[in-house]
Amino acid sequence: MENIKINKLNGGIKVKRILAPIIVIFLIFTNSIGITAYADLQIDAKAAILMDAKTGKVIYKFNENERLAPASITKIMTMLLGVEALNSGKISLDDKVVISSHASRMGGSQVYLEAGETQTVEDLFRAIAIRSANDAAVALAEHIAGSEEVFVKMMNERAKKLGMENTHFSNASGLPGENHYVSAYDVAIMSRELLKYPIVNEWLTTYMYDLKVGKNKNSVQTMVNTNRLIKEYEGTTGIKTGSTSEAGFCISASAKRGDLELIAVVLGAKSSQVRFDEAKKLLDYGFANYESVTIGRKGDVIATIPVEKGKVFEVDVMLERDAFVLLPKGESGNIEKELVLPDIIKSPMSAGDVVGELIITLDGKDIDRVNLVIKSDVQKASLLNILSRTIKSYLKGR
């Protein structure tokens, strides 16, 4: 039976018990997650990495921290800041964006937006994701931050918060620029963050889309996705390609099969075909050798806690986010889950307030910690509530 430790927060005293409804989990695992057991895997590029999208565990790495020109891989961060602005309500998909002369002059890969024309935020996202349009990327950046310069500062601040130690952006598009670089590991980090937003899936996996452009919308740009894996590789979910003479050919490719979603980053390949071939090679390796096991889903009720002086006697506690374990195929191990919770909570509290955590261990080693939050608001009981309960309790005891 799977051991569930209940660690009550009452002066540090641990109370351990076995919860009968929980089933034993004996899981496949090697010595540690993210070990480099890939001696025969060789990637033809300047740098590469394979990461589990759910846990962030690294399966393969090669020159993963080398600072390299990113080309349009840059736009992963541009889209990330865009969806975060959507999520916060700062912008909406229906916003009408007036294209500036600066955005219209970007050159390179573009949809030929005209200065003074309007486009919706949603169509700018499509142009970025499908055509890798530099003009659309800058237009979105200006809409969010007021100017590309301010947006670039936001990009670098976000990169720092994500722990991207070998990245610095100088523009929102990925056009060649001074002091503009990323590492393969950092690309995987921001790719993983972008994939947390389901809304991007539609844009990243759209193969073809017609966009009307110009002030009078009398021109149509038929956009074909630059990521050929959408058509060529089973389960592809994104993400972004890029190429310049300095950067070579790059890709951050994601794919999902069953519960396992992987991110393969290839930087500095010699040709477009090579980058796609090497991304497939990485993904094939991951799907052949690893699996993802679900420990719990966001919203799963884990426990019930008594409430002190609340309108309700108890409240459900649930997982704040999904929890998974990445497992190499072929070896066994044991997973334990420890709940760290108070004996009782005091009202009032709001739905989503953190009251504890779920600690997931493998063979005695911590591999994840997930916040436990209360499922619903807990209002403070009035004197009338308390008096009514006291009377009912008294009558039941007679």
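The values are calculated or read from the model by the stated rules, or taken from the named source; none is laboratory data. None of these values were measured; they are calculated from a predicted model. Neighbour counts are summed over all protein chains in view; Cβ atoms, including those assigned to glycine, are modelled from backbone coordinates with ideal geometry.
Points to keep in mind about this one:
- Failed item in (1) part of a strand (DSSP E or B); (2) among the hydrophobic types (A, V, I, L, M, F, W, C); (3) out of contact with any Ser or Thr (no Cβ under 6 Å at 6 or more places or on another chain), with residue 288 passing the rest: (1)
- Residue within segment 301-308 that is surrounded by fewer than 16 Cβ atoms within 10 Å (Cβ to Cβ), outside any strand (DSSP E or B) and either in contact (Cβ under 8 Å) with a residue 60 or more places away in the chain or not assigned by TED's automatic domain parsing to the domain that holds residue 55 (or both) present: no
Results for (1) assigned by TED's automatic domain parsing to the domain that holds residue 151; (2) under 28 Å from residue 274 (Cβ atoms); (3) at pLDDT 95 or above; (4) among the hydrophobic types (A, V, I, L, M, F, W, C), shown as yes or no for each residue.
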{"residue": "63", "(1), (2), (3), (4)": "yes, yes, yes, no"}
{"residue": "73", "(1), (2), (3), (4)": "yes, yes, yes, yes"}
{"residue": "85", "(1), (2), (3), (4)": "yes, no, yes, yes"}
{"residue": "94", "(1), (2), (3), (4)": "yes, no, yes, no"}
{"residue": "107", "(1), (2), (3), (4)": "yes, yes, no, no"}
{"residue": "120", "(1), (2), (3), (4)": "yes, no, yes, no"}
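- Filter result for residue 344 (modelled with pLDDT of 75 or more, β-branched (Val, Ile, Thr) and over 25 Å from residue 256 (Cα atoms)): yes
- Hits in segment 77-108 (condition: touching a residue at least 40 places away in the same chain (Cβ under 8 Å) and of a type in the set (Ser, Thr, Tyr)): 78, 100
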